[in-house]
Amino acid sequence: MSMRLRSEELRVAYAGRPVLHGLDVEIPDGVMTVIVGPNACGKSTLLRTLARMLSPESGRVLVDGRPTGEYGTKELARTLGLLPQSPTAPDGMRVADLVAKGRFPHQSLLRQWSRADEAAVRAAMAAANVTDLAERAVDELSGGQRQRVWLAMALAQETPLLLLDEPTTYLDIAHQLEVLELARRLAREGRTVVCVLHELHLAFRYADHLIVMAQGEIVASGDPREIVTAELVEEVYDLPCQVVTDPLSGTPMILPLVGTPAAGRPTPGSG
Ligand SMILES: Nc1ncnc2c1ncn2[C@@H]1O[C@H](COP(=O)(O)OP(=O)(O)O)[C@@H](O)[C@H]1O
Ligand SMILES: [Mg+2]
């Protein structure tokens, strides 16, 4: 298995407080990797460190075998794109202008805005389903619309490696699936996609490769059908559950015991 993106012994801290405890992350090429784990376990910190927005205390990130520290800013940005968890746009910026910012790493003094840039922006807006919003101001959109606009900007960057931090969080179920289908399609077309998700059912359905994190460590990784067990979920989320098989996709599905008679607690109407 070849890997364009990986890390060695990655340690990251905020103001001396360690958050990632020596992660060896291996992201398989050309498939969709999904990262799950409880709030505050370090998922965003990991993605930001992989994208060189944070520097590790020790350890390193390798892109195509080369430490990211050796890359020029635009060079790295042409290779690896990050959709952050809570991005903010300048006041009043138009959707089309924000998406166009994704082309920045492809420009230089000698190579200004081109037809290729125009085409990439148009394709990215179509893929993220935001073409109709092109003239709107980003800050007046709904949370879900805004999230798809940011996704369009990341797509316009046209990077072979794409990191998406909770791209579905503000979306209704149909739009969540639309984004996940898009991410899967990108992976099928050969891109390497890493996606942080909270919705476990969808995470297990869409992950070719699953990474389960807890407290700044990787506790399991692999094909969700092989690694997801009730013990794992209970250990990671402190949540007693049953694992069943999704009859439509054949992937695991979590049924929490909480809120059912099986939890051993009285339920409304039971007494
Ligand atoms: N900029 C920051 N400064 C200080 N602590 C931070 C910062 N960002 C995140 N943290 C802390 O690091 C831990 C991991 O955060 P994060 O990577 O955002 O987790 P996740 O994305 O898994 O929810 C949390 O305890 C969080 O409070
Ligand atoms: Mg996060």
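Bear in mind these aren't lab numbers, they're just calculated from the coordinates by the rules spelled out. Keep in mind it's a predicted model, so treat the numbers as computed, not measured. Here Cβ is always computed from backbone atoms with ideal geometry, including for glycine, and neighbour counts include all displayed protein chains.
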Practice problem: Enumerate the amide H contacts of L164 below 5 Å, restricted to partners 5 or more residues apart or on another chain; note that Pro and chain-start residues carry no placed amide H. | Solution: L83, V194, C195, V196
Practice problem: Using only the Cα atoms of segment 145-271, construct the convex hull and provide its projected area averaged over every direction, in square nanometres to one decimal. | Solution: 9.8 nm²
Exercise. Once you have the Kirkwood Rh of segment 89-158 from its Cα pairs, apply Stokes-Einstein at 10 °C and 1.306 mPa s and quote D in µm²/s.
Key: 134 µm²/s
Practice problem: Would you order M253, M93, M213 from fewest to most other beta-carbon atoms within 10 Å of each residue's own beta-carbon? | Solution: M93, M253, M213
Exercise. State the Kirkwood hydrodynamic radius of segment 12-89 in Å, one decimal place, computed from all pairs of distinct Cα atoms.
Key: 13.8 Å
Practice problem: Would you order T49, T159 from fewest to most other beta-carbon atoms within 10 Å of each residue's own beta-carbon? | Solution: T159, T49
Quiz item: Which of Q85, Q242, Q112 moves most in a GNM of the chain, Cα contacts under 10 Å?
Solution: Q112
Quiz item: When all C-alpha to C-alpha distances in the chain are sorted into bins of 10 Å, what percent of pairs does each bin hold, rounded to whole numbers?
Solution: 7, 27, 33, 22, 8, 2, 0, 0
Self-check item: Near-label residues of segment 1-40 by backbone N, under 13 Å of a point 7 Å along Cα→Cβ of S86
Solution: 40
Quiz item: What's the longest bit of the chain with no exposed GluC sites (Glu not before Pro), using DSSP loop states and at most 10 other Cβ atoms within 10 Å as the test?
Solution: 1-134
Self-check item: Extension gain from Q112 to N39, taking 0.36 nm per residue of separation minus the Cα-Cα distance
Solution: 22.1 nm
Quiz prompt | Cα-Cα pairs of segment 70-203 separated by more than 18 Å (percent) | solution = 53 percent
Quiz item: Assuming a viscosity of 1.002 mPa s and a temperature of 20 °C, what translational diffusion coefficient in µm² per second does Stokes-Einstein assign to segment 1-152, Rh being the Kirkwood radius over Cα pairs?
Solution: 124 µm²/s
Self-check item: Inter-part distance where segment 30-69 and segment 176-226 are each reduced to a Cα centre, Å
Solution: 15 Å
